[in-house]
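Below is one structure, written out as structure tokens; comments come after it.
The values are calculated or read from the model by the stated rules, or taken from the named source; none is laboratory data. Owing to the predicted nature of the structure, the values given are computational and were not obtained by experimental measurement. Methodologically, a virtual Cβ is constructed for each residue, glycine included, from the backbone with ideal geometry; neighbour enumeration extends over all protein chains shown.
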Amino acid sequence: MPELPEVETVRRGLERHLNGQRIENVELRRPDLRFSFPEGFASRLKGRLVERIDRRAKYLLIRLDNGTTWMCHLGMTGRWTLLGANSTQGDDGKHDWVVIHLENGMRAVFSDPRRFGFMDLFETSEQGQNKFLAKLGPEPTPDYLTPMNLAENLRGRRTSMKAALLDQRTVAGLGNIYVCEILFRAGVSPRRTAASVASKLGITDRVTRITAATHDVIVEAIDAGGSTISDFVNVEGDLGYFSHSFQVYGREGSPCLSKACDATIRRIVQSGRSTFYCPSCQR
């Protein structure tokens, strides 16, 4: 599933091409994705001007000139592709479900083989009440995530640190890949309970390290265009290169990359997901 860095990469690509453009027509090639499209979805988008494109966690938020927000979640295999006016690509794509025709002749095509993505349309002023957005935690970037609010969201919880960081109410936008990398950089075991990391007495060293590692990993991953594991590409079709920087994810049985460590990377399963970690460096 695309995680925050991949969604931010897509946002930036869409922003370059959609900002200031008017939507001339909308093709819906099926009545639903993961959920049904909102009633009158195509007609409500037609004629609208795209003012800007924001992101909250893993959700793309396309702001329109009539005070509404068009929300898109990529799900597991969702992809946006921008096509020029003379391109024939996308005319008969097997999994191309939404085609947006812009006033400059370009097309934005949303493809989703597994159809776990979805779209919504709501009044921008009501974003705080949206069921997908209302309970999200802070963004994992330096402007939003602090040791204090991370500690508050971890304190007293008996779940593992891996599960706690995957909970979107703790920190918004983190997924399996980046949590593995964050916990390795912070030197914190994915098995350790959240309560043992966040003391009742104040900000612990582990909380501070996790916060800093989160900032570093997310910023670096965004700068690298995200991570391509199987089929992620940006709107121009380019790969993400942060996967070349993985220190634990997908490296089961390989030597730890820490110079002072002679252990090998292990893989365990937590809540049905693979966790990669170093048993020596992470405590």
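Only a single criterion out of (1) within 21 Å of ASN25 (Cα to Cα); (2) of a type in the set (Asp, Glu); (3) in a loop (DSSP other than H, G, I, E, B) is not satisfied by ASP120, namely (3). One residue stands out in the stretch 193-212 among those that are in contact with a Pro (Cβ under 6 Å, 6 or more places away or on another chain) and of a type in the set (A, V, I, L, M, F, W, C): the one that is surrounded by the most Cβ atoms within 10 Å (Cβ to Cβ), namely VAL207.
Return a yes/no flag: does the stretch 39-46 have any residue that is at negative phi and part of a strand (DSSP E or B). Among the residues of the stretch 39-46, not one is at negative phi and part of a strand (DSSP E or B), which makes the answer no. Taking the stretch 264-279 as the range and being outside any strand (DSSP E or B) and surrounded by 14 or more Cβ atoms within 10 Å (Cβ to Cβ) as the test, the residues that pass are ILE265, CYS278, PRO279. For LEU60, the test of being buried (at least 16 other Cβ atoms within 10 Å of the Cβ) and assigned to a strand (DSSP E or B) is passed. Any idea which residue in the stretch 239-260 is farthest from PRO279 (Cα to Cα), counting only those that are surrounded by 13 or more Cβ atoms within 10 Å (Cβ to Cβ) and at pLDDT below 90? Looking at residues that are surrounded by 13 or more Cβ atoms within 10 Å (Cβ to Cβ) and at pLDDT below 90, I get LEU239. A count restricted to the stretch 80-106 and to residues that are at pLDDT 70 or above and either outside any strand (DSSP E or B) or not assigned by TED's automatic domain parsing to the domain that holds ILE23 (or both) stands at 8. Restricting attention to the stretch 144-159, and to residues there that are touching a Pro at 6+ places or on another chain (Cβ under 9 Å) and in contact (Cβ under 8 Å) with a residue 60 or more places away in the chain, which single residue is surrounded by the most Cβ atoms within 10 Å (Cβ to Cβ)? Ranking the qualifying residues of the stretch 144-159, first place goes to LEU150. For the stretch 183-192, state whether one or more residues are within 21 Å of the chain's Cα centre (by Cα), crowded, with 19+ Cβ neighbours inside 10 Å, in a loop (DSSP other than H, G, I, E, B) and not hydrophobic (A, V, I, L, M, F, W, C). So far as the stretch 183-192 goes, yes, one or more of its residues are within 21 Å of the chain's Cα centre (by Cα), crowded, with 19+ Cβ neighbours inside 10 Å, in a loop (DSSP other than H, G, I, E, B) and not hydrophobic (A, V, I, L, M, F, W, C). Here ILE182, ILE203, ILE222 are screened, and the one residue that is hydrophobic (A, V, I, L, M, F, W, C), at pLDDT 95 or above and not assigned by TED's automatic domain parsing to the domain that holds ARG114 is ILE182.
Listed here are the residues, each with its yes/no results for (1) surrounded by 19 or more Cβ atoms within 10 Å (Cβ to Cβ); (2) assigned by TED's automatic domain parsing to the domain that holds PHE35; (3) in contact (Cβ under 8 Å) with a residue 40 or more places away in the chain.
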site: ALA108; (1), (2), (3): yes, yes, yes
site: PRO113; (1), (2), (3): no, yes, no
site: MET119; (1), (2), (3): yes, yes, yes
site: SER125; (1), (2), (3): no, yes, yes
site: GLY137; (1), (2), (3): yes, no, no
site: PRO142; (1), (2), (3): no, no, yes
